[in-house]
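All remarks here apply to the structure that follows.
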Amino acid sequence: MIKVGIVEDNEYMREGWETFIDHERDLTVIGSFGSCEDAFESDAINKVDLMIMDIGLPGMTGIEGVKYMRENHPDVNIIMATVHDDDDHIFDALKAGAVGYLMKKVTPDEMVHAIRDAHEGGSPITPNIARKVIATFQKAADLEEELSDREIQILKELATGRSYAAIGKKIFLSVDGVRHHIRNIYQKLEVHSRSEAIAKGITRHIIDPDND
């Protein structure tokens, strides 16, 4: 029996999920809550195998809720079920530790299948969300090909916080040469500042400051 918890502030949505999940012989809802705070204060949180969680919640957000769960209940699988399909919400949820990301318009059968899939080690994602994820990685690959080896090297150095002069000294390039490459980096990444370039380099997996 897969024990399911629900965190969703829309009462009608929550009750609907409860009804069709409990209808399945191998699934049972053991806790249903309108906020993360209520869920985390309940004894049920120590018994759930899988949590379905909204992002736009009162108080603690669903993203914050996922992070809390990963820290305090790492064995619980979490599926985000939300109306948000923008890149920021998707990647924030997945980076926080969610194993699946569904739009709320999924059918009961799709939700039930997603619960079983996640419990068995899968990562259920609504098709249009999966396409966004794939497109982002494809774009990251294209960007990495666009940046020259020298530009990637300089972008990595930018992420360390070094000044242009310090970067030039380390890679044996004049300050003007460093500036020239940085202008090209900004243009190719479509950014206007060091912080934006670093952020895009990290999110697009061009650089990894933790390992560089």
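The values are calculated or read from the model by the stated rules, or taken from the named source; none is laboratory data. All of these numbers come straight from a predicted model, not from anything done at the bench. In this analysis, Cβ positions are derived from the backbone assuming ideal geometry, glycine residues included, and neighbour counts consider all displayed protein chains. Surface accessibility is based on the protein's heavy atoms, side chains included, excluding ligands, DNA and RNA. Shrake-Rupley method; radii C 1.70, N 1.55, O 1.52, S 1.80 Å.
Below, the figures for the structure above:
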{"item": "Residue 44 vs. criteria in contact with a helix residue (DSSP H, G or I) (Cβ under 7 Å, 6 or more places away or on another chain), more than 22 Å from residue 110 (Cβ to Cβ) and of a type outside the set (Phe, Trp, Tyr)", "result": "no"}
{"item": "Single condition residue 63 does not satisfy, out of (1) in contact (Cβ under 8 Å) with a residue 12 or more places away in the chain; (2) farther than 12 Å from residue 6 by Cβ; (3) over 20 Å from the mean Cα position of the chain (by Cα)", "result": "(3)"}
{"item": "Residue check for residue 206: part of a helix (DSSP H, G or I) and open to solvent by less than 50 Å² (accessible area, probe 1.4 Å)", "result": "no"}
{"item": "Among the candidates 196, 145, residue that is at pLDDT below 90, farther than 22 Å from residue 95 by Cα and part of a helix (DSSP H, G or I)", "result": "145"}
{"item": "Cβ pairs under 6 Å, 6+ apart, first in the range 152-178 and under 17 Å from residue 191 (Cα atoms), second open to solvent by less than 20 Å² (accessible area, probe 1.4 Å) and at pLDDT below 90", "result": "155/201; 155/207; 156/207; 159/207"}
{"item": "Of all residues making up the range 172-201, the number that are of a type in the set (A, V, I, L, M, F, W, C) and exposed (fewer than 14 other Cβ atoms within 10 Å of the Cβ)", "result": "1"}
{"item": "Conditions (1) out of contact with any Ser or Thr (no Cβ under 6 Å at 6 or more places or on another chain); (2) open to solvent by 10 Å² or more (accessible area, probe 1.4 Å): number failed by residue 59", "result": "(1)"}
{"item": "Qualifying positions in the range 17-32 - open to solvent by 30 Å² or more (accessible area, probe 1.4 Å) and either in contact with a helix residue (DSSP H, G or I) (Cβ under 8 Å, 6 or more places away or on another chain) or β-branched (Val, Ile, Thr) (or both)", "result": "19, 20, 24, 26, 28, 30, 32"}
{"item": "Check on residue 49, under 19 Å from residue 117 (Cβ atoms) and exposed (fewer than 15 other Cβ atoms within 10 Å of the Cβ)", "result": "no"}
{"item": "Check on residue 65, in contact with a Ser or Thr (Cβ under 6 Å, 6 or more places away or on another chain) and at pLDDT 90 or above", "result": "no"}
{"item": "Complete set of residues in the range 1-16 that are touching a Gly at 6+ places or on another chain (Cβ under 6 Å) and open to solvent by 30 Å² or more (accessible area, probe 1.4 Å)", "result": "9"}
